[in-house]
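Below is one structure, written out as structure tokens, with a few remarks after it.
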Amino acid sequence: MTKKGLVLEGGAMRGMFTAGVTDVLFEEGIRFDGAIGVSAGAAFGCNFKSEQPGRAIRYNLAYCRDKRYCSLYSLITTGDLYGADFCYRKIPFELDPFDTKKFSENPMEFYVVCTDVNTGKPVYRKCENGDGKDLLWFRASASMPLVSKIVEADGSFLLDGGISDSIPLEFFEKLGYNRNVVVLTRPKGYIKEKHRLMPVFKIILRKYPELGKAICNRPDLYNSETKYVFEAEKKGNAFIICPPSPLPVKRIDHNSENLKKTYEIGRKTAYDCLEKLKAFLDM
């Protein structure tokens, strides 16, 4: 039995590339049995299940310069660079409503990846309702270390899923998804280098030594995961969509033009590979 999956890498504002890709897939009638998102892949990818193409780029353009959305002011006053109340309550429930009804009615499974701060290991959560509890898990998946408060959800203490499983293709395969589309936010051939401040991270996170280890080991893990993904593509088990070159957007970017350019690159990249993608999915 063929089980079609969609795997969405994170990358903060590089997620605008992913939003462009997934909007085209939705508009072209391409559907999946399940999807899994990491960090921005979860926060923006949830709009695929709620059937709201255009929503991610719309609210990011509207609020990218709002100090309540992402700013040093938010970090100082709330403890979160991306204001938790504004991003995960004010926007989805008031300013640009998230369609929880469609999210819950859509049979596509939707998973997010977080990192347990005590073990440094990934935690996978199936989100079914799009309600406040699910949004708490979306927030946890996208809560970057050092600039976000630790999120408590269902008894677990969590941060960004990208720390422990940036590209969860192998996990999805273990769930039975055997024909997967993987959306990356780095171009083919990208190698993650060790950050020069890794020793500092260990000191700052000394209360969570396993988390510190996971952050320091992340470059090696990320590079092994990208290798696994491209090997899966060679075997015919995965179809990779990634930027043709480094994206014009920074990880944290308040420039609306950069966001729009990145989104449009995502759309063009999706259109360029559309026929091959449909053949891969037997459409």
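Quick one: accessible area per residue over the chain, 1.4 Å probe, rounded to a whole number of Å²?
For the chain, the per-residue accessible area is 45 Å².
Which order do the peptides 69-82, 47-60 come out in when sorted by mean C-beta neighbours inside 10 angstrom, highest first?
47-60, 69-82
Do you know the Lys pair count in segment 183-243 for C-alpha distances under 16 Å, with sequence separation 8 or more or different chains?
7
Residues with beta-carbon under 15 Å from that of PHE32, excluding PHE32: net charge, scoring Lys, Arg +1 and Asp, Glu -1?
Value of the local net charge: -1.
Could you derive backbone 3J(HN,Hα) for segment 182-194 from the dihedral phi with the Karplus parameters 6.51, -1.76 and 1.60 (θ = phi - 60°), listing whole Hz in sequence and x where the residue is Gly or Pro?
10, 9, 9, 10, 10, x, 4, x, 5, 10, 7, 8, 5
Given H placed on each backbone N at 1.01 Å, which residues far from CYS70 in sequence or on other chains put an amide H within less than 5 Å of it?
Result for CYS70 returns GLY83.
What does the helix-only formula give at 222 nm for the chain: each DSSP H stretch with n ≥ 4 adding -39500 (n - 2.57), the total divided by the residues, and the result rounded to the nearest 500 deg cm²/dmol?
-12500 deg cm²/dmol
Roughly speaking, what is the centre-to-centre gap between segment 1-66 and segment 108-160 when only Cα atoms are used, to the nearest Å?
So the two Cα centres are separated by 17 Å.
Apply the Karplus curve 6.51 cos²θ - 1.76 cosθ + 1.60, θ = phi - 60°, to the phi angles in segment 235-244 and return the couplings in whole Hz, x for Gly and Pro.
Each residue's phi maps through the Karplus curve to give 7, x, 9, 9, 10, 9, 10, 9, x, x Hz.
With an 8 Å Cα cut-off and a minimum separation of 6 or more residues, compute the relative contact order for the chain in percent.
Numbers: 548 pairs, mean separation 75.7, N = 283.
After rounding, I find 27 percent.
With a sphere of radius 12 Å drawn around the Cβ of LEU75, what net charge do the other residues whose Cβ falls strictly inside it have (Lys, Arg +1; Asp, Glu -1)?
Once positives and negatives cancel, what remains is +2.
For the residue pair ASP66 and ARG251, what label-to-label distance in nm results when each label sits 7 Å from Cα along the Cα-to-beta-carbon direction?
Inter-label distance under the simple model: 2.5 nm.
Residue by residue, what Karplus-based ³J(HN,Hα) values in Hz, rounded to whole numbers, does segment 118-130 have, using 6.51, -1.76 and 1.60 with θ = phi - 60° and x for Gly and Pro?
For segment 118-130, the Karplus-derived couplings read 7, 10, x, 9, x, 10, 10, 10, 8, 9, 10, 10, x Hz, x marking Gly and Pro.
Between rounded, prolate and oblate, where does segment 169-283 land on the alpha carbon gyration tensor, with a ≥ b ≥ c its root eigenvalues, rounded for a/c under 1.5, else prolate if a/b exceeds b/c?
Working: a/c = 2.66, a/b = 1.38, b/c = 1.93.
Oblate shape, in that a/c is at least 1.5 and b/c is the bigger or equal ratio.
List the lysines whose alpha-carbon lies under 16 Å from that of LYS90, not counting same-chain residues fewer than 8 positions away?
By straight Cα distance, LYS90 reaches LYS67, LYS133.
Ignoring ligands, DNA and RNA, please state the percent of accessible area on segment 25-109 from carbon and sulfur, probe 1.4 Å.
It is 53 percent, rounded to a whole number.
The values are calculated or read from the model by the stated rules, or taken from the named source; none is laboratory data. Values in this document were obtained by computation on a predicted structure and should not be read as measured data. No Cβ is skipped: glycine too gets one built from the backbone with ideal geometry, and neighbour counts run over all protein chains shown. Side chains included, ligands, DNA and RNA excluded: accessible areas come from the protein's heavy atoms. Shrake-Rupley method; radii C 1.70, N 1.55, O 1.52, S 1.80 Å.
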